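Asker: Sharing a structure here in structure tokens format.
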2 protein chains.
Amino acid sequence: MAELTDRRQKVLGLVVRQYIATAIPVSSKTIVEQYGLDVSPATIRNEMAYLEEQGYLTHPYTSSGRVPTEKGYRYFVERLMGEAELPLAEQRTIRHQFHQARLDLEQWMKLAATVLARTAHNTSLVTAPTLPQSRLKHLELIAAPNSRALLVLVLREGIVKQQMFTPVQPMTQEELNQVANHLNALFTNLSAAQIAALSHPLTPVEEQVTNLVIELMAEAEGRFGGEIYHDGLLHTFRQPEFSEIENVRQIIRVLEEQSLLEAILAEVLSSSGVQVIIGGEGRWEELSECSMVLAPYGEAGRALGALGVLGPMRMRYGRAISAVRYVANLLSDLIHDWYG
Amino acid sequence: MAELTDRRQKVLGLVVRQYIATAIPVSSKTIVEQYGLDVSPATIRNEMAYLEEQGYLTHPYTSSGRVPTEKGYRYFVERLMGEAELPLAEQRTIRHQFHQARLDLEQWMKLAATVLARTAHNTSLVTAPTLPQSRLKHLELIAAPNSRALLVLVLREGIVKQQMFTPVQPMTQEELNQVANHLNALFTNLSAAQIAALSHPLTPVEEQVTNLVIELMAEAEGRFGGEIYHDGLLHTFRQPEFSEIENVRQIIRVLEEQSLLEAILAEVLSSSGVQVIIGGEGRWEELSECSMVLAPYGEAGRALGALGVLGPMRMRYGRAISAVRYVANLLSDLIHDWYG
DNA sequence: TTTAGCACTCTCGGCACCAGAGTGCTAATT
DNA sequence: AATTAGCACTCTGGTGCCGAGAGTGCTAAA
């Protein structure tokens, strides 16, 4: 990205800000009037023409105001915007909400989605954190009706998993207790891989339970528990770019199919800090009308998730970025504290 | 609803079917041509005029074809449609999917949402079943980092609840075990209300855990666990009535705010069998463009939830009704089996 | 380098026009 | 009494035209 003179930077910044605020292509006249510049519209026109030539702005048609291109937004975000923090009052409100919530990862994620959506006035996305490795703390077997049994798994990370199953042979609660005791003695503090590697003589039922344990632990470790929480679709759809229903369908498709989102969010995990994806970055056709502001949260070696904001390219990046950063940090702190 | 002559019924039925299929107001000519009737368009016009006078049809404007009114759809659903079952092949596929899924209520609900959406080509809604009363089977306390503890609750209904908390005084795992043993001895097989009514001398920590237990059990009993699963928004939004974005926003609002849906679904619980709500029935302004096909599932005394389909009024009611009925019955069977 | 001036372009709302699709009504037919 | 042919009438939707307005690009002057 070549250098721009101070004035060109200023003009670009003003065009972007103005367009983000109004969704109307901005004219040279608006710029000088709104921001009280000491030059004539013609001068601004010349600068705009240059910026257009360099690819920072476009024309919807021969003669209407200018609109930022993806490159224009990018330049704005990286060089002109200036990083601001969320207002302290808002920070306090948010922090308060989290501390009032229960000590429960799922609650936190839902709350994060709500808070992000409301703060950034857009659609929020939150994935569950994934564990690189989990260790079994304790398992329990409980007899259930219809000669079934319930396996409850407590992992060291404070995660509880449950699974109903039908034992290969009917078992009383007494017998189940024996199985549980035996397996606890063998498995406590081991990871799924270690449990799988173990070779001990096991009864058929023990064998069955072991396989279930491995499966459930692998699931906890695997990539996102599947679900991606989101909230605030309504904010986004109120924006004028979504009076074109095709855009609405596009977003809904992305949200319902999940696979694309999973891929994008997985990429975010491998970086650190807030990332801004503008207009699909040319890589994701389906999101060519949208921007995303994303960040990982959690701790690299422990539990790592991603969250962010999805909205039209004409997004208030400053607000979105500070909101995403603040919530990501907050969640990271909570998780850090959680794991002790 | 007054009686209609055979021919008027037939005309009404054909208009509804045709309009549902094409979304185009249907003309007298279309009716005679498409369905090879032995009368002239003028005759049909007379019948249509009568049906309009009685409130079964309308005119978008002076001279376009007819469109069914809510009353028209209602008559169609109740008298003309005829009840069909889901094709056997489809039934088999669905049953197969459920039996292949894991023995897990949450999985079932998500699967029900997916299946319903795909089968009825519309948005599906599924609530978790609520318990009228639950009884504690077993509780467990596990020491966690940062002088926290994890409470795991297993209910007789095979439901597991977990909750991290900070004991009022630091506890070792040994001490936690004692608390757990003590409380298990007191509480096993009791309901939340009974536990609350119990008066035994308890240590402060025991007191704290007891309150948590009551809270968590009350939550399990309460109205829906909050979340309403949905799927297939994309199907619905592909319908031409949703090229008007206001309608899209309407639906998104209803889905994100939940409260309206909760109210409607709660009402469904108190009835039995499939219910059809057309155009909001005049009671729910926000859904005036939509219809819902809903049914309760589960067992009245045990666990009761609701599921259904949401779509435009111009919906294939036959398919929706048979899909909803089939899935509701299937889930009911699974739950019956689950509780033994 | 800036800017005044002006021609040019394109949108947008309004208006008229026309073809087409349907209806409602009347009068004739069965 | 029911049906239907015929016809006038209505309304939509597309097209083309017009004029006002908003902006631009370019040129020439400051």
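Asker: When the dipole is taken about the Cα centre of region B:146-260, and only Lys, Arg (+1) and Asp, Glu (-1) are charged at their Cβ, what size is it in debye, to the nearest 20? Walk me through the intermediate numbers first.
Answerer: Details: 7 positive and 15 negative charges, 25 e Å.
Roughly 120 debye, rounded to the nearest 20.
Asker: Could you run the Karplus curve 6.51 cos²θ - 1.76 cosθ + 1.60 with θ = phi - 60° over region A:261-273 and give me ³J(HN,Hα) per residue in whole Hz, x for Gly and Pro?
Answerer: 4, 4, 4, 5, 5, 4, 5, 4, 4, 7, 10, 9, x
Asker: For B:T58 and B:E219, compute 0.36 nm times the residue count separating them, minus their Cα-Cα distance, and round to one decimal in nm.
Answerer: Numbers: separation 161, 0.36 × 161 = 57.96 nm, distance 4.77 nm.
So the chain would gain 53.2 nm between B:T58 and B:E219.
Asker: Here's a follow-up. For A:A263, go 7 angstrom from Cα along the Cα-to-Cβ vector, then report the distances to that same point in the other copies in nm, smallest first.
Answerer: 4.3
Asker: While we're looking at this one, here's another question. Please give the residues of region B:310-333, grouped as numeric ranges, whose backbone N is less than 12 Å from a label point set 7 Å along the Cα-to-Cβ vector of B:R302.
Answerer: B:331-333
Asker: List the pair-distance distribution P(r) of the protein assembly as shown, using every Cα-Cα distance, as the percent of pairs falling in each 10 Å bin from 0 up to the bin containing the longest distance, rounded to whole percents.
Answerer: Bins of 10 Å from zero give 3, 13, 19, 22, 18, 13, 9, 4, 0 percent of pairs.
Asker: Modelled label-to-label distance, A:E85 and A:E207, 7 Å Cα→beta-carbon offset: nm?
Answerer: Spacing of the two 7 Å Cα→Cβ label points: 6.1 nm.
Asker: What list do you get for A:V154, A:V11, B:V168 if you sort them by fewest beta carbons within 10 Å?
Answerer: B:V168, A:V154, A:V11
Asker: Name the shape class, rounded, prolate or oblate, that the alpha-carbon gyration tensor gives for region B:257-337, where a ≥ b ≥ c are the square roots of its eigenvalues, rounded holds for a/c under 1.5, and otherwise prolate holds if a/b is larger than b/c and oblate otherwise.
Answerer: Details: a/c = 2.67, a/b = 1.50, b/c = 1.78.
The shape class here is oblate.
Asker: May I ask you to order B:258-271, A:308-321 by the average number of other C-beta atoms within 10 Å around their residues, highest value first? Write down the numbers at each step before the final one.
Answerer: Details: B:258-271: 16.2, A:308-321: 23.6.
Top to bottom by mean Cβ count within 10 Å: A:308-321, B:258-271.
Asker: Between the label point of B:P87 and that of the same position in each other copy, find the distances and list them shortest first in nm, with every label point placed 7 Å from Cα along the Cα-to-C-beta direction.
Answerer: Result, one decimal in nm: 5.9.
Asker: Work out how far the C-alpha atoms of chain B reach from end to end along every principal axis, then list the three figures in whole Å, largest first.
Answerer: 89, 38, 33
Asker: Can you sort A:I94, B:I245 from fewest to most other Cβ atoms within 10 Å of each residue's own Cβ? Please list the in-between numbers first.
Answerer: Values: A:I94 21, B:I245 18.
So the ranking, lowest neighbour count to highest, is B:I245, A:I94.
Asker: Within 10 Å of each residue's Cβ, count the other Cβ atoms and sort A:T166, B:T127 from fewest upward.
Answerer: On the way: A:T166 13, B:T127 26.
Sorted ascending by nearby Cβ count, the order is A:T166, B:T127.
Asker: Using 0.36 nm per residue, how much length does the chain from A:R92 to A:N329 gain when fully extended, once their Cα-Cα distance is taken away? Walk me through the numbers before you get to the answer.
Answerer: Numbers: separation 237, 0.36 × 237 = 85.32 nm, distance 1.37 nm.
This chain segment gains 83.9 nm when fully extended.
Asker: Then there is this: Rounded to the nearest 500 deg cm²/dmol, what is the calculated helix-only ellipticity per residue at 222 nm for chain B, with -39500 (n - 2.57) per DSSP H run of length n ≥ 4?
Answerer: Values: 13 runs with 164 residues, N = 340.
Value at 222 nm, helices only: -15000 deg cm²/dmol.
Asker: Quick one: with label points 7 Å out along Cα→Cβ, list the inter-copy distances for A:E174 in nm, shortest first?
Answerer: 3.1
Asker: Under a crude label model (7 Å from the Cα following the beta-carbon direction), how far is B:S288 from A:E286 in nanometres?
Answerer: The two pseudo-label positions are separated by 3.5 nm.
Asker: With just the Cα atoms defining each centre, how far is region A:7-66 from region A:247-304? Give it in Å.
Answerer: Cα centres, region A:7-66 to region A:247-304: 30 Å.
Asker: Any idea what the alpha-carbon Rg over 2.2 N^0.38 Å comes to for region B:1-98? Intermediate results must be reported in sequence, preceding the final value.
Answerer: Numbers: Rg = 15.9 Å, N = 98, 2.2 N^0.38 = 12.6 Å.
Cα-based Rg divided by the globular estimate yields 1.27.
Rule-based calculations on the coordinates, nothing more; no lab input. These numbers come from a predicted model, not from an experiment. All Cβ positions, even for glycine, are placed from backbone atoms using ideal geometry, and neighbour counts span all protein chains on display.
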